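One structure below.
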Amino acid sequence: MTVADLKEGEKGKIVSFTNNKLALKLLEMGCLPGTEVKLDHKAPLGCPYCLTIGDNYQLSLRKSEAETILLT
Amino acid sequence: MKVALIGNPNCGKSSLFNHLTGLRQKIGNFPGVTVDKKVGFCRINNTTDIEVIDLPGTYSIYPNSLDEQVVLEVLTNQNHPDFPDMAVVVVDSSNLKRNLLLFEEVNDLGIPTILALNMLDVANEIGITINTPKLEKILGVPVVELNAREGIGIEGLKLIVFKNAESLQVHKNKELIRTEYQFASEYIKNKFGLKTSYVGLQYLVQNEKLSFLNPKDRSYLSKMAEDLKFDSDKFQADEVIERYSDIDRSLEQVIEIEEKKNKTLTLSQKIDDILIHKVWGYVIFLGILFLIFQSVFSLANYPMDLIDAGVAVLNDFLKTFLPESKLTDLLTDGLIVGIGGVLIFIPQIAFLFAFISILEESGYMARVVVLMDKVIRRFGLSGKSVVPLISSMACAVPAIMSARTIGNWKDRLVTIMVTPLMSCSARLPIYTILIALVVPDQKLWGLFGFQGLALMGLYLLGFLSVLLAGWVMKTLLKTTERSYFVMELPTYKKPRWNHVAYTIYEKVKTFVFEAGKVIVAISIILWVMASYGPGEGFSGAEQRIKTNFSNLTENEIQNKIASEKLQNSYAGIFGKFIEPVIKPLGYDWKIGIALITSFAAREVFVGTISTIYSIGADDSDESTIKSRLKNEVNDETGLPVFSVATSYSLLIFYVFAMMCMSTIAVVYRETKSWKWPLIQLAYMSVLAYVSAFFVYWVLK
């Protein structure tokens, strides 16, 4: 399962990433394996997504980017 | 002494900067790039001033955009003019773990560092308490508590900066370097005379991004990386993970967490329910845009009228009191009219930037990016292009500069190329005067003024052409570069009014001095060109009229003389020279002069028209200009020059034409080549010419 599979309001825990370059950026921004991710909103046209990372701050990314974050 | 402020985006760094420097700040450029450099001076005690540099916000020293690149270059190049003697790393205490990543990296670079714990109130609110003295002990650097928003703790920070300035020292923690790279990094450190091995390691990992290295050193370093079979992505990932576990170990000892609901975040999520709503999201966004337009156009009118009247009064006053001479003419009709043409824009620019900065301050701009991303993505733009596009309703120059936050080169280039098509405030006076000339001052259903609707139509036309041009460029440009959209959404906040005020002050100042210089210079040149001419044609004008039209009244003769003189002046000759080119668009040589001069900046158009029609007359009141334009008759056909067809043709021309030297200059700086500004100039000129031609022949 990836972040892109979450429904609005659902949560998951980060396991790993499938895109190395993007993973670097996400790691820097505090999306570490084990961190809880909640999907707050999808933008009206289904993309981008708004996430809450670790009940700490909000992040926005595109659907294609959400697909690279694997969850448990 | 130079102190750099470093921190994540939204950590409160700019608040701190404003508190430290107040109005003693200026925005410049880092050498070679057009990333805004905010520098200011701060008095830290009775005798000492320090220079404070506000570096762009970043999550680490591994850059993803031009902004972040600057942070890397300033901090790793000891010969950089902005290389700091000391760094204040500002962190958001409510998200300490992530924020400390950057702190550790900066610290390992060997720059004496102070840690500023900001937003402790937010941290406390969500149940986090930090043992500051213990943190100080573990990190080995001074730690200061701060509330930059409220301005609390600033004096304490100044004191610590002052104390540490006397004996600059680097912390003695061991740098985070894996054993396999220790030899190489140590070697580079000695070879380049660097402060720490970690900097040496950066030279190895990121040598492509360090533009200050000479090509020889760079190829040496990349060869070395190759020999070591260095995988920089893996290295970076490992480093981040190791640092985080190191930070975890430190934080365990100093942080106490009592589970509490994150109220600020919850509130932001609730507000998002409405502002990113499928229907309301767009309705509210359009509503806000509408509100901005209404205020910019209606509210700004009052101060603009005042400025207009003030300039006119001053001009009349000088004309009455100064002796009649060429010099007085130059001062009044040339210089003061020119300066008036600059000042009159101040209210609109101030209003627009006030709104834009409120949108950014409140955190709403980030939501607009989210709302618009998918809508405009198919047109070669990114959600992040929305900020430049909205800003360019004020002025394309800062708008194009703000496009640098777009990490992807293609997205950024397309944004830069289409941004000037958005109608900027300089087009407004042209729109206003021409619309007033041809659109009836009546109301649709007794509610919406036709003139206002026409104005909105022109702005809409600009926006549609942005999409079209974006789509064309997207189809033509090929790229393999992957771009990331990932962006932090700041929580909603009350705008800090002092920040809004600083932004307005800064933008108005830049406009007055930068654009002002051009406009004033053009006005003077124009006055000279319109007041002098070569040979008999110009000098004999008065005599010719007097002999040929002796039956007219004194007033009519004076007007005839003025017009005959203008025709034979340098400006007139120039206008006549280009007349064949612009005739198909329905313009005569007088409009030609205005077109030429307004190439420097669009706002010059109205100024030129008013200068051309005010030469020989002593009244430059706008209403009379309007009536003069209306009464202006073509010598050959006997029909009004500003017919419906010509006026609309001019309007359309100005929607599309790239008439702004400052924009060309800034595109050159941002793209670092003449190729793009020239392509932009060409496509916009063709678009303008063809559309204007089409409109003229349809309406004729």
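The values are calculated or read from the model by the stated rules, or taken from the named source; none is laboratory data. Quantities reported herein were computed from a predicted structural model and do not represent experimental measurements. So basically every Cβ, Gly included, is an ideal-geometry build from the backbone, and we count neighbours across all protein chains shown.
This table checks each residue for (1) touching a residue at least 24 places away in the same chain (Cβ under 8 Å); (2) exposed (fewer than 12 other Cβ atoms within 10 Å of the Cβ); (3) of a type in the set (Gly, Ala, Ser).
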{"site": "B:GLN269", "(1), (2), (3)": "no, no, no"}
{"site": "B:LEU275", "(1), (2), (3)": "yes, no, no"}
{"site": "B:TYR282", "(1), (2), (3)": "yes, no, no"}
{"site": "B:SER298", "(1), (2), (3)": "no, yes, yes"}
{"site": "B:LEU318", "(1), (2), (3)": "no, no, no"}
{"site": "B:PHE321", "(1), (2), (3)": "no, yes, no"}
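Tell me the residue from B:LEU314, B:LEU306, B:LEU289, B:LEU318 that is part of a helix (DSSP H, G or I) and under 25 Å from the mean Cα position of the chain (by Cα), please. If you could, list the steps in order and put the result at the bottom.
Numbers: B:LEU314 fails: under 25 Å from the mean Cα position of the chain (by Cα); B:LEU306 fails: under 25 Å from the mean Cα position of the chain (by Cα); B:LEU318 fails: under 25 Å from the mean Cα position of the chain (by Cα).
Step by step, each of B:LEU314, B:LEU306, B:LEU289, B:LEU318 is checked, and only B:LEU289 is part of a helix (DSSP H, G or I) and under 25 Å from the mean Cα position of the chain (by Cα).
Report, by residue number, each residue of segment B:350-367 that is within 11 Å of chain A (Cβ to nearest Cβ) and either of a type in the set (Lys, Arg) or part of a helix (DSSP H, G or I) (or both). So that I can check it myself, show each step before the final result.
Step one: list which residues in segment B:350-367 are within 11 Å of chain A (Cβ to nearest Cβ), which gives B:363, B:366-367.
Of everything in segment B:350-367, those that are within 11 Å of chain A (Cβ to nearest Cβ) and either of a type in the set (Lys, Arg) or part of a helix (DSSP H, G or I) (or both) turn out to be B:ALA366, B:ARG367.
Inside segment B:386-423, residues that are crowded, with 24+ Cβ neighbours inside 10 Å and within 14 Å of chain A (Cβ to nearest Cβ) make up a count of 2. Checking each residue in segment B:261-283 for being farther than 27 Å from B:TYR431 by Cβ and aliphatic (A, V, I, L, M) picks out B:LEU265, B:LEU267, B:ILE271, B:ILE274, B:LEU275, B:ILE276, B:VAL279.
Taken over segment A:1-38, the criterion of being in a strand (DSSP E or B) and either loosely packed, with under 14 Cβ neighbours inside 10 Å or away from chain B (no Cβ under 11 Å) (or both) is satisfied by A:THR2, A:LYS11, A:GLY12, A:LYS13, A:ILE14, A:VAL15, A:SER16, A:GLU36, A:VAL37.
Give me the helices (runs of 4 or more DSSP H) completely within segment B:375-483, filtered to those with at least 2 residues that are free of Cβ contacts under 8 Å to residues at least 12 places away in the same chain and within 21 Å of B:LEU289 (Cβ to Cβ), ordered by residue number.
Details: elements: B:386-391, B:396-402, B:409-418, B:428-438, B:450-476.
Correct list: B:450-476.
Taking B:PRO31, is it part of a loop (DSSP other than H, G, I, E, B), modelled with pLDDT under 90 and surrounded by 15 or more Cβ atoms within 10 Å (Cβ to Cβ)? So B:PRO31 does not fit the description; no. Of the set (1) modelled with pLDDT under 80; (2) within 14 Å of chain A (Cβ to nearest Cβ); (3) touching a helix residue (DSSP H, G or I) at 6+ places or on another chain (Cβ under 8 Å), all apply to B:PHE285 but (1).
Spot the failing condition for B:GLY449; the list is (1) touching a strand residue (DSSP E or B) at 6+ places or on another chain (Cβ under 6 Å); (2) more than 30 Å from B:ASN10 (Cα to Cα); (3) crowded, with 21+ Cβ neighbours inside 10 Å, and only one is missed. Among (1) touching a strand residue (DSSP E or B) at 6+ places or on another chain (Cβ under 6 Å); (2) more than 30 Å from B:ASN10 (Cα to Cα); (3) crowded, with 21+ Cβ neighbours inside 10 Å, B:GLY449 violates only (3). Scanning segment B:565-602 for residues that are under 25 Å from B:THR547 (Cβ atoms) and out of contact with any Gly (no Cβ under 9 Å at 6 or more places or on another chain) yields a total of 0.
How about segment A:39-66: which of its residues are of a type in the set (Lys, Arg) and at the interface with chain B (Cβ under 7 Å from one of its Cβ atoms)? Selection gives A:ARG62 alone.
Within 14 Å of another protein chain (Cβ to nearest Cβ) and touching a residue at least 12 places away in the same chain (Cβ under 8 Å), is that true of B:LEU66?
Numbers: within 14 Å of another protein chain (Cβ to nearest Cβ): no; touching a residue at least 12 places away in the same chain (Cβ under 8 Å): yes.
The answer is no for B:LEU66.
Going residue by residue through segment B:245-262, is there one that turns out to be under 33 Å from the mean Cα position of the chain (by Cα), over 20 Å from B:VAL106 (Cβ atoms) and either assigned by TED's automatic domain parsing to the domain that holds B:GLU125 or of a type outside the set (A, V, I, L, M) (or both)? Spell out the reasoning first.
Our first condition is that a residue be under 33 Å from the mean Cα position of the chain (by Cα); within segment B:245-262, this holds for none.
No, that holds for no residue.
Condition (residue is surrounded by 15 or more Cβ atoms within 10 Å (Cβ to Cβ), touching a Lys or Arg at 6+ places or on another chain (Cβ under 9 Å) and modelled with pLDDT of 80 or more) applied to segment B:336-350: is it met by at least one residue? Checked against the condition, which is being surrounded by 15 or more Cβ atoms within 10 Å (Cβ to Cβ), touching a Lys or Arg at 6+ places or on another chain (Cβ under 9 Å) and modelled with pLDDT of 80 or more, segment B:336-350 yields at least one hit. In the set B:GLU239, B:GLU256, B:GLU226, B:GLU208, which member is surrounded by 13 or more Cβ atoms within 10 Å (Cβ to Cβ) and of a type outside the set (Phe, Trp, Tyr)? Going through B:GLU239, B:GLU256, B:GLU226, B:GLU208 in turn, just one is surrounded by 13 or more Cβ atoms within 10 Å (Cβ to Cβ) and of a type outside the set (Phe, Trp, Tyr): B:GLU239.
Applying the criterion of being basic (Lys, Arg) and outside any loop (DSSP other than H, G, I, E, B) to the residues of segment B:484-521, the residue that is modelled with the highest pLDDT is B:LYS509.
Can B:PRO347 be described as touching a Pro at 6+ places or on another chain (Cβ under 7 Å) and either more than 14 Å from every other protein chain (Cβ to nearest Cβ) or among the aliphatic types (A, V, I, L, M) (or both)? Give the steps one after another, and end with the answer.
Numbers: touching a Pro at 6+ places or on another chain (Cβ under 7 Å): yes; either more than 14 Å from every other protein chain (Cβ to nearest Cβ) or among the aliphatic types (A, V, I, L, M) (or both): yes.
Here the answer is yes, as B:PRO347 does meet what is asked.
The residues of segment B:522-555 that are over 25 Å from B:ASP333 (Cα atoms), part of a helix (DSSP H, G or I) and hydroxyl-bearing (Ser, Thr, Tyr) amount to a single one, B:THR547. Whether a residue is in contact with a Ser or Thr (Cβ under 7 Å, 6 or more places away or on another chain) and without any contact (Cβ under 8 Å) to a residue 24 or more places away in the chain was assessed, and B:SER167 does not pass this test.
Are any residues in segment A:46-64 touching a Leu at 6+ places or on another chain (Cβ under 6 Å) and among the β-branched types (Val, Ile, Thr), and if so, which ones? Across segment A:46-64, the qualifying residue is only A:ILE53.
Yes or no, residue by residue, for (1) in a strand (DSSP E or B); (2) of a type outside the set (A, V, I, L, M); (3) touching a residue at least 40 places away in the same chain (Cβ under 8 Å); (4) crowded, with 20+ Cβ neighbours inside 10 Å:
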position: B:ALA123; (1), (2), (3), (4): no, no, no, yes
position: B:PRO133; (1), (2), (3), (4): no, yes, no, no
position: B:ILE138; (1), (2), (3), (4): no, no, yes, no
position: B:VAL141; (1), (2), (3), (4): no, no, no, yes
position: B:ARG149; (1), (2), (3), (4): no, yes, yes, no
position: B:LEU157; (1), (2), (3), (4): no, no, yes, yes
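A quick yes/no check of all residues on (1) buried (at least 21 other Cβ atoms within 10 Å of the Cβ); (2) hydroxyl-bearing (Ser, Thr, Tyr); (3) more than 24 Å from B:LEU176 (Cβ to Cβ); (4) not assigned by TED's automatic domain parsing to the domain that holds B:THR196:
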site	(1), (2), (3), (4)
B:ASN79	no, no, yes, no
B:MET86	no, no, no, no
B:ILE114	no, no, no, no
B:ASN118	yes, no, yes, no
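Exactly one residue out of B:PRO215, B:PRO303, B:PRO323 is modelled with pLDDT of 85 or more and outside the structural domain of B:SER94 (by TED's automatic domain parsing), and it is B:PRO303.
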